[in-house]
Amino acid sequence: MILFKNVTKIYSSNSTALKNINLHIEPGEFVSIVGQSGAGKTTLIKLLIAEEKATEGEIIIGGWNITNIFEQEIPTLRRQIGVVFQDFKLLPKKTVFENVAFALEVIGASSQKIKKIIPQVLKIVGLEEKANYFPEYLSGGEKQRVVIARSLSHRPKLLIADEPTGNLDSINVQEIINLLLKINQFKTTVVLVTHNREIVNTLKKRVITLDRGIIVGDQSKGRYVI
Amino acid sequence: MFFSIFRDIKIAFQNFYRNIGLFLVTIIIIILALFSINLLIVLNILTNASIDVIKKKIDISVYFKPETSQDQVFSIKSRLEVLPEVENVQFLQKKDALLWFQKKHKDDPKILEALQELDDNPLGDSLIIQAKKIKDYKTILNILDERQYKNFIYDKDFGDYENFIDQLNLSSNKAQQITLIISIIFIFIGILVIFNTVKITIHTRREEIGIMKLVGATNWFIKIPFILETIICGIFAFSFCIILFYPFLYIIQPLISGFLEDYNFNIVSYFNRHFLQIFGWQFVFIVILSIISSILAIKKYLKV
Ligand SMILES: Nc1ncnc2c1ncn2[C@@H]1O[C@H](COP(=O)(O)OP(=O)(O)O)[C@@H](O)[C@H]1O
Ligand SMILES: [Mg+2]
């Protein structure tokens, strides 16, 4: 699903975020990426969604070499990836329903299809009651569940979550993680960036550890080591 | 994309409604810009109207010899009326003609004295001719010199208008040039201010654009609602400007009537008659400006 070949990312001469990364993630895997702040986790995600370009090396996603992706192809790439960030990223002037609908409109779904899919995905995240709420009236956990619903709606093969629980309290954290696991059961590859030790240790899934831009650990049933 | 234009418009209206607080500044700015432009238009209309007033006061008075019969005068009147240069011909009876003559020469005591000395009214019936254009007066004067008319005419006067008319044309040209320059400056400032306001509005929504990009929206998919929203803003401001402008016209109408005295000029009905000419291009202009300014403003935030 994801293949990094000798990937280096240098922002500026004194800021090298990733050094010679080699990484292979299979379809359907659930991978946690851990590491201290500044280790390069977000940079890795940005390379995956083509928000940044690798300085060196090659990146292949689902057989598509995106190393030198054209500007116009980026939307096509992103429509196949669901992304969840720490800071929720919901459209403030759209309701829950409309936020999810937006992702479907982007891929050109008909309004009948949209009306059919959204109740389903909102049910998965347990928000069918709040379809007409605006984001400002939702709790942090609810917002993040809307984001997950949105990233699920177009059935991506890859879901990336960059510290999705960073702004949430522990009950909500568990809810979000359970959702990610549920999504993974539907054969979606999940890449979870976190520095929450507890989560990683209870997941018992593959853990990749980054430290100052280098992969220092890659265990198939890993624990948080640093 | 074009099939979803109705959906786009619906969403644009929804966004407009939900972001009304944000758009308020843009709307007010556009209203102010349009209002100033229309103010200049009023000024220009008034300049032209006052020049018209002066031009309307110009005429050729033809005083016939007393022995000329009314029928003859009328037949001359109808012959003059069909001339392409003539706007209208007014018939004055003997005694009205005398009054008219006195009024015309009220600043000329010598002539008035001379009239007084005569017991009888030396004038016959008279015609007052107005030409369509200033330059037509010369032609009409030449026609009146033809023998078929000349024999009946006691006197005709066309003052020394010519000099005056030249000056009038000169100053009306100048007035028009000045309003043109002021208009260009106003339009230019207006465009700049509108551009900047749209820029700021879109800047405050840059995060939304980022989120849209994140879920894989293409640039046009993001741009179209923003452009439509700006157009709605523009049209809203435009309509509001008209709604505000008419009461304003009603308020200044009495002032204008006072200023243009006996010349029957109504600014409100002028705007009604020229509604499309005046507001049509403003509409087109505002729509085009909305499109261009939103496209330019959004460009920056569409990268990555
Ligand atoms: N846009 C940027 N320009 C310059 N340096 C950056 C930029 N983004 C991140 N960095 C640097 O790259 C390193 C890795 O950052 P990041 O990938 O955000 O780490 P993490 O997500 O693991 O905290 C940090 O040293 C950070 O300062
Ligand atoms: Mg980070």
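Mind ranking B:134-147, A:190-203, A:54-67 by how tightly packed they are, going by the mean number of other C-beta atoms within 10 angstrom, highest first? Mind showing how you got there, number by number?
Numbers: B:134-147: 14.3, A:190-203: 19.5, A:54-67: 16.1.
Ranking the peptides B:134-147, A:190-203, A:54-67 by packing returns A:190-203, A:54-67, B:134-147.
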- Which residues of the range A:93-127 show a drop of at least 30 Å² in accessible area when all protein chains are present, compared with their chain alone (probe radius 1.4 Å, heavy atoms only, ligands and nucleic acids excluded)? A:Lys93, A:Lys94, A:Glu98, A:Phe102, A:Glu105, A:Val106
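Using mean Cβ contacts within 10 Å as the protection proxy, how do B:190-197, B:214-221, B:231-238 order, highest first? Working shown, then result.
Details: B:190-197: 17.2, B:214-221: 19.6, B:231-238: 21.4.
With the highest mean Cβ count within 10 Å placed first, the list reads B:231-238, B:214-221, B:190-197.
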- Task: Treat each spin label as a single point 7 Å out from the Cα along the C-beta direction, and report the B:Asn121 to B:Gln90 distance in nm.
- Result: 1.6
- Please give, to one decimal in nm, the separation of the simple spin-label points placed at B:Glu81 and B:Lys110, each 7 Å out from Cα toward the Cβ. 3.8
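Per 0.36 nm of contour for each residue apart, how much would the distance between B:Thr204 and B:Gln177 grow if the chain were fully extended, relative to their Cα-Cα spacing? Spell out each step's value before the answer.
Working: separation 27, 0.36 × 27 = 9.72 nm, distance 4.07 nm.
Result: 5.6 nm gained on full extension.
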- So, in nm, how far is label A:Lys204 from label A:Glu29 when the simple model puts each one 7 Å beyond its Cα toward the Cβ? 2.0
- Leaving out same-chain residues fewer than 8 places away, which aspartates and glutamates sit with a Cα under 15 Å from that of A:Lys93? A:Glu136, B:Glu207, B:Glu208, B:Glu229
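Filter the cross-link list A:Lys143/B:Lys10; B:Lys103/B:Lys138; A:Lys46/B:Lys223; A:Lys5/A:Lys187; A:Lys53/A:Lys123; A:Lys115/B:Lys300 down to pairs whose alpha-carbon distance in this structure exceeds 28 Å.
A:Lys53/A:Lys123; A:Lys115/B:Lys300
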- Note on the structure: Output field shielding_mean for A:41-53 (other chain Cβ, 10 Å radius) holds 1
- Using a probe radius of 1.4 Å on protein heavy atoms only, what is the accessible area buried between chains B and A, both sides summed, to the nearest 100 Å²? 2000
- Query: In terms of Cα to Cα distance under 18 Å, which lysines are near enough to B:Lys135, apart from those fewer than 8 places away along the same chain?
  - Reply: B:Lys55, B:Lys56, B:Lys57, B:Lys156
- Note on the structure: accessible surface per residue for the protein assembly as shown, probe 1.4 Å, DNA/RNA/ligands not counted, whole Å² -> 52
- Hey, with R₀ at 35 Å, roughly what FRET efficiency would B:Lys56 and B:Tyr149 work out to, going by the Cβ-Cβ distance, to 0.05? 0.90
- Message: Residue by residue through B:7-18, how many Cβ atoms from other chains fall within 10 Å of the Cβ on average?
- Response: 2
- Query: What residues in the range B:220-256 lose 20 Å² or more of accessible surface when the other protein chains are added to their chain alone (1.4 Å probe)?
  - Reply: B:Phe221
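Quick one: if the Förster radius is 45 Å, what FRET efficiency do B:Leu255 and B:Ser4 give, using the C-beta to C-beta distance and rounding to 0.05?
On the way: r = 51 Å, r/R0 = 1.14.
It comes to 0.30.
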- Percent carbon-and-sulfur accessible area, the protein assembly as shown, ignoring ligands, DNA and RNA, probe 1.4 Å: 58
- Query: Using the alpha carbon gyration tensor of the range B:59-158, what are the three equivalent-ellipsoid semi-axes (square root of 5 times each eigenvalue), largest first, in whole Å?
  - Reply: 23, 16, 11
- Interface residues in the range B:200-216 - accessible area drops by 20 Å² or more relative to the isolated chain, probe 1.4 Å: B:Glu208, B:Ile211, B:Met212, B:Lys213, B:Leu214, B:Val215, B:Gly216
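Compute the Rg to Rh ratio over chain A from the alpha carbon atoms, using the Kirkwood formula for Rh, and round to two decimal places.
Working: Rg = 17.3 Å, Rh = 17.9 Å.
Rg/Rh: 0.96.
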- Given the rule -39500 (n - 2.57) for each run of at least 4 DSSP H residues, summed and divided by the residues of chain A, what is its mean residue ellipticity at 222 nm, to the nearest 500 deg cm²/dmol? -10000 deg cm²/dmol
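Report the FRET efficiency, 1/(1 + (r/R0)^6), for B:Ser239 and B:Asn196, where r is their Cβ-Cβ distance and R0 is 30 Å, rounded to 0.05. Don't skip to the answer; put the middle values down first.
Numbers: r = 23 Å, r/R0 = 0.75.
E between B:Ser239 and B:Asn196, to the nearest 0.05, is 0.85.
The values are calculated or read from the model by the stated rules, or taken from the named source; none is laboratory data. Computed from a prediction, not measured in an experiment: that's the story for all the values here. Neighbour counts are summed over all protein chains in view; Cβ atoms, including those assigned to glycine, are modelled from backbone coordinates with ideal geometry. In case anyone asks, the SASA skips ligands and DNA or RNA and just uses the protein heavy atoms, side chains included. Shrake-Rupley method; radii C 1.70, N 1.55, O 1.52, S 1.80 Å.
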